[in-house]
Amino acid sequence: MELKIIVAVDGHASCGKSTLARQLAKRLGYTYIDSGAMYRAVTLYLLDNHIDFRDKPQLLDALKHITITFRYNPDTGIPETMLNGKAVEEEIRSMRISNEVSPVSADKDVRAFLVSQQQEMGKKKGITMDGRDIGTVVFPHAELKIFLTSDEHVRAQRRFEELQAKGMSVTMEEVVHNLESRDYEDSHRVASPLYKAGDAVELDNTHLTEDQQLEFAYNLVKEKISELEKSVKI
Ligand code: DC
């Protein structure tokens with residue numbers, strides 16, 4: 001049986017990380033985990049329960065009541081996010097959550113809570129996970145790390161079209177503003193800021209189709225696996 005690895009995909013907001021990590025997992029027969037969805041689900045819980053994450057005792061108590069799981073939807077091929085057993089996939093993608101998730105995700109207790117669950121999910125390998133700190137903090141020893149980049153206008157346009165297709169009412173200005181402020185906050189926070197791991201492969205997908213970026217990443221995985229298998233045999 002072929003050796004299984006961990007693939008970490010990091011990068012700025014809306015540069016196609018989830019699409020790549022999801023398609024790659026499908027092609028490899030791996031599990032795909034969207035770590036951003038977990039930060040979004042925590043944010044949704046806090047907003048719905050009127051909990052200010054800056055109030056530490058309240059936050060720590062709230063985290064004890066949060067269970068996040070993923071349920072595979074065979075129709076869409078997408079693992080859908082469940083918060084305490086309730087499907088929240090659509091709700092966590094709304095601008096209400098996008099506008100609040102960065103400060104929540106900068107909290108060190110929120111991060112510790114989710115990072116330990118993410119590490120547990122990777123124990124058996126055979127996983128692709130996308131986020132901001134996957135190759136730096138969650139899986140610093142991941143066999144393959146990809147740092148995805150994309151032109152900011154292309155990112156905003158893709159995000160705008162995605163939200164419109166879902167019937168969400170949003171303007172291009174709102175999308176640009178949200179991406180800019182999240183990029184800034186995610187890269188400048190104290191706890192696990194977004195940066196490219198020294199051993200990550202940078203992939204700029206501005207001029208690539210989804211199929212092309214998938215092919216590129218798939219070949220990286222195959223090369224890595226054959227390299228590791230050779231070193232095991234020696
Ligand atoms: O990938 P996304 O846009 O759905 O992520 C939502 C937010 O969660 C993002 O603004 C930053 C945060 N996040 C994080 O801090 N660490 C991760 N591993 C994934 C997401």
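What follows is calculated from the coordinates using simple rules that are stated; it is not laboratory data. The model shown is predicted, which means the values in this text are computed figures rather than measured ones. Every residue, glycine as well, gets a Cβ built from its backbone with ideal geometry; the counts of neighbours run over all protein chains shown.
Qualifying chymotrypsin sites (Phe, Trp or Tyr not before Pro) in the stretch 150-234, where qualification requires a DSSP coil assignment and no more than 15 other C-beta atoms within 10 Å, comprise Tyr195. Can you list the lysines whose alpha carbon sits under 29 Å from that of Lys125, skipping same-chain ones fewer than 8 residues off? Cross-link targets: Lys4, Lys17, Lys26, Lys64, Lys86, Lys108, Lys145, Lys196, Lys222, Lys224, Lys230, Lys233. The angle between the Cα long axis of helix 172-188 and the longest principal axis of the Cα atoms of the chain comes to about 70 degrees, rounded to the nearest 10.
Remark on Ala197: its backbone amide H falls under 5 Å from none of the residues 5 or more positions apart or on other chains, H modelled at 1.01 Å from N.
Helical content of the chain, expressed as a calculated mean residue ellipticity at 222 nm, amounts to -15000 deg cm²/dmol (DSSP H runs of 4 or more residues, -39,500 (n - 2.57) each, divided by residue number, nearest 500). If R0 is 35 Å, the Cβ-Cβ spacing of Asp109 and Thr209 corresponds to a FRET efficiency of close to 0.30. Starting from the Kirkwood Rh over alpha-carbon pairs, what translational D in µm² s⁻¹ does the chain have by Stokes-Einstein at 10 °C and 1.306 mPa s? Diffusion coefficient, whole number: 87 µm²/s.
For the chain, the Cβ-based charge dipole about the Cα centre amounts to some 840 debye (Lys, Arg positive; Asp, Glu negative; other atoms uncharged). Between helix 17-28 and the chain there is an angle of about 40 degrees, using the helix long axis and the longest principal axis of the Cα atoms. Taking 0.36 nm per residue of separation and subtracting the Cα-Cα distance, what length does fully extending Leu60 through Lys224 add? Length gained, Leu60 through Lys224: 55.0 nm.
For Ile78, nonlocal amide neighbours, meaning residues 5 or more places apart or on other chains whose placed amide H falls under 5 Å from its own, are Asn73. Under 5 Å between amide hydrogens, built in the peptide plane, is the criterion, and for Thr149 it picks out Leu203, Asp204, Asn205 among residues at least 5 positions away or on other chains. Computed from backbone phi, the HN-Hα couplings of the stretch 70-79 come to 10, 10, 5, 9, x, 6, 9, x, 10, x Hz, rounded to whole numbers (Karplus: 6.51 cos²θ - 1.76 cosθ + 1.60, θ = phi - 60°; Gly and Pro given as x).
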